[in-house]
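K.L.:
One structure, pasted below without further comment.
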Amino acid sequence: MRLSLHRPWAWAVAALAATASLVLALLDPRADAAPALPLTDVRTVAASAVEDEGADCPVGGTPAGSTSQLPDPFTRIDGTGVTSKADWRCRRAEIRELAERTVYGQKPAKPTVTGTVSSTGITVDVSDQGRRATFSAKVELPSGSGPFPAVIVIGGLGADTATIKAAGAAVISFDPLAVGREGTARNNKQGAFYTLYGNTSSTGLLMAWSWGVSRIIDVVQQSGGTVLRGDSLGVTGCSRYGKGAFVAGAFDQRIALTMPVESGTGGAPILRGVNGESGAQPLSSAYGEQPWLGDAFTSYTGNPAGLPVDTHQMIGMIAPRGLFVMENPHVDWLAARSGSVAALGGAEIYKALGAQNAISYWSDVQDGTHCAARSEWRTPMQQSINAFLKNSGSGPGVFRVAPSKAGSLSNWRSWTTPTLADGGTSGGTTTGTTSGTTGGTTTGGTTSGTTTGTTTGTTTGTTAGTTSGSTGGTPGAGCSAAHRTVNSWNGGHQGEVTVRNTGTTALSGWSVGLTLGSGQTLTSVWNGVNTGSTGAVTVRNATWNGAVGAGASVTFGYTADGGTTAPAGLTCTAS
């Protein structure tokens, strides 16, 4: 007999002892027996082999009170801090519970799923608690021989399927309305999900669509990998389907690459920001337009400060797997400024887990057409597919923020990013390798990653400052630093510094000194580790990009508030 246990909402589960946690893990079908895939390379973080690695983690207690700031992703409900990468598994479980309870509604435990996979389609047959529902999806294969990685395209609107197939991945076209229909009342929801769990279920459509994606993955994994690879799956969608892609990636750790496009309110943008962002869709509108969000969210449409979570933490639920967020700054309704804050906040979690290059963000686009396939996104999308679905190369790790919609993370947080130790205890009953254990250490509150992506888009100015640094006592060593302003806006700018090895021997490390203008403050840094954020600042290499061959170069980027003046007095010191 198959046992099914839905997680209770009562916070009293915090009192359960470790033995009880083991019993819960054995009863919960989401605690699948298959272990997580091992992590062998920080550049290409493997997806999990199970839907939810933290299903066995006991979650309880009372969340902290109301705050207008973004909640600290590194502080547990009980007030203790996350100190190791392994701790993230059960901290993620806390965020998952809070997000389900307040924002999206519950994602039920894994039901009984059967189905078929062919070169043209997928059938899904789901049974739970004596009820049955079916739905299907279309498959388009790329050229070549399989089995192929695949990207699940929710809704079809705005997805660049040509680029996906050109990169060697199949397209699985999923109609989410078959699972959760729009245009229905909250007390009469329709579709396969609600056939199983009741038309008065408090779970919103976004979570229902996410559930549908998970059931497709079940079938692909069970198919034996003759057509599609069950360990190399991504998800994407645009507009409301971008919201669904974002939720799907957050709530299923088997998804190796999540690519939400122009998701707007209820998607990637921080919930605390959209009501105050000029022209953005208000929370009440997103809640009322369709039953996308869970019924419980009605309590927060006018009080987002009361939410115990926000979307930067949902981005953290995706970490350290691949994530490429694409936004449109030309349509105010889409809340791209709040989206940039969410991405910068989520990138801090990626940085803490040592997976800096696994997150990319791009809103600096020329075409303002909603859900257009854009040339600026093509190369980083291909790089993401290669890295996270084909295990070839590294993710783009690029942040290109539109100057007109550049948010400031420093205005939204009072917390800092800790240096998480390797190893440690993860809490609960471990059911496989924790996907957050990626090796390496990081320091401070900076975001880092590999910036081998494209540099197309709007750039303003090329303020140079090439200065050779000291050799650090190593014969033949030397480096230079050159700055360019990538974007600027009223009150801030985004810059990029290229560090070049000017010597005859390889560098093992580098540091760049620069002086910010009066009143300027660094708000984020990636591909480097900064000391100081005002005045004279030093940026050192991250643990993974200190080695620079003779004649080669690396780059780091940053955003700064307080003016558009480029930093002065650049120096480079080699080691």
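The values are calculated or read from the model by the stated rules, or taken from the named source; none is laboratory data. The shown structure was predicted, so the numbers you read here are calculated from the model rather than taken from an experiment. Here the Cβ positions follow ideal geometry from the backbone for every residue, glycine too, while neighbour counts run over all protein chains shown.
K.L.:
Regarding segment 334-353, can at least one residue be identified that is touching a residue at least 40 places away in the same chain (Cβ under 8 Å), more than 18 Å from residue 408 (Cα to Cα) and not in a helix (DSSP H, G or I)?
P.N.:
Yes, there is a match, as at least one residue in segment 334-353 is touching a residue at least 40 places away in the same chain (Cβ under 8 Å), more than 18 Å from residue 408 (Cα to Cα) and not in a helix (DSSP H, G or I).
K.L.:
Restricting to segment 462-489, count the residues that are at pLDDT 65 or above and part of a loop (DSSP other than H, G, I, E, B).
P.N.:
Total satisfying the criteria: 3.
K.L.:
Going by the conditions given, is residue 139 touching a Lys or Arg at 6+ places or on another chain (Cβ under 7 Å), within 24 Å of residue 221 (Cα to Cα) and not in a loop (DSSP other than H, G, I, E, B)?
P.N.:
Spelling it out, it is not the case that residue 139 is touching a Lys or Arg at 6+ places or on another chain (Cβ under 7 Å), within 24 Å of residue 221 (Cα to Cα) and not in a loop (DSSP other than H, G, I, E, B).
K.L.:
How many residues, within segment 78-104, are crowded, with 24+ Cβ neighbours inside 10 Å and either touching an Asp or Glu at 6+ places or on another chain (Cβ under 7 Å) or of a type in the set (Lys, Arg) (or both)?
P.N.:
Within segment 78-104, residues that are crowded, with 24+ Cβ neighbours inside 10 Å and either touching an Asp or Glu at 6+ places or on another chain (Cβ under 7 Å) or of a type in the set (Lys, Arg) (or both) number 5.
K.L.:
Could you list all residues from segment 403-414 that are in a loop (DSSP other than H, G, I, E, B) and within 19 Å of the chain's Cα centre (by Cα)?
P.N.:
The answer is 406, 407, 408, 412, 413.
K.L.:
Those residues that are surrounded by fewer than 19 Cβ atoms within 10 Å (Cβ to Cβ), β-branched (Val, Ile, Thr) and under 17 Å from residue 417 (Cβ atoms), I need them from segment 531-572; list them, please.
P.N.:
Within segment 531-572, 531, 543 meet the criteria.
K.L.:
Which one is surrounded by the fewest Cβ atoms within 10 Å (Cβ to Cβ) among residues in segment 194-215 that are more than 21 Å from residue 286 (Cα to Cα) and hydrophobic (A, V, I, L, M, F, W, C)?
P.N.:
This residue is 196.
K.L.:
Being among the aliphatic types (A, V, I, L, M), free of Cβ contacts under 8 Å to residues at least 60 places away in the same chain, closer than 17 Å to residue 233 by Cα and in contact with a helix residue (DSSP H, G or I) (Cβ under 9 Å, 6 or more places away or on another chain) is the requirement here; does residue 179 meet it?
P.N.:
No.
K.L.:
Scanning for something among the acidic types (Asp, Glu) and over 16 Å from residue 415 (Cα atoms), does segment 310-329 turn up at least one residue?
P.N.:
Yes; the residues of segment 310-329 include at least one that is among the acidic types (Asp, Glu) and over 16 Å from residue 415 (Cα atoms).
K.L.:
Right, something else. Checking the condition among the small types (Gly, Ala, Ser), without any contact (Cβ under 8 Å) to a residue 24 or more places away in the chain and in the same structural domain as residue 149 (by TED's automatic domain parsing), which residue from 296, 286, 256 passes?
P.N.:
286 is the lone residue from the list that is among the small types (Gly, Ala, Ser), without any contact (Cβ under 8 Å) to a residue 24 or more places away in the chain and in the same structural domain as residue 149 (by TED's automatic domain parsing).
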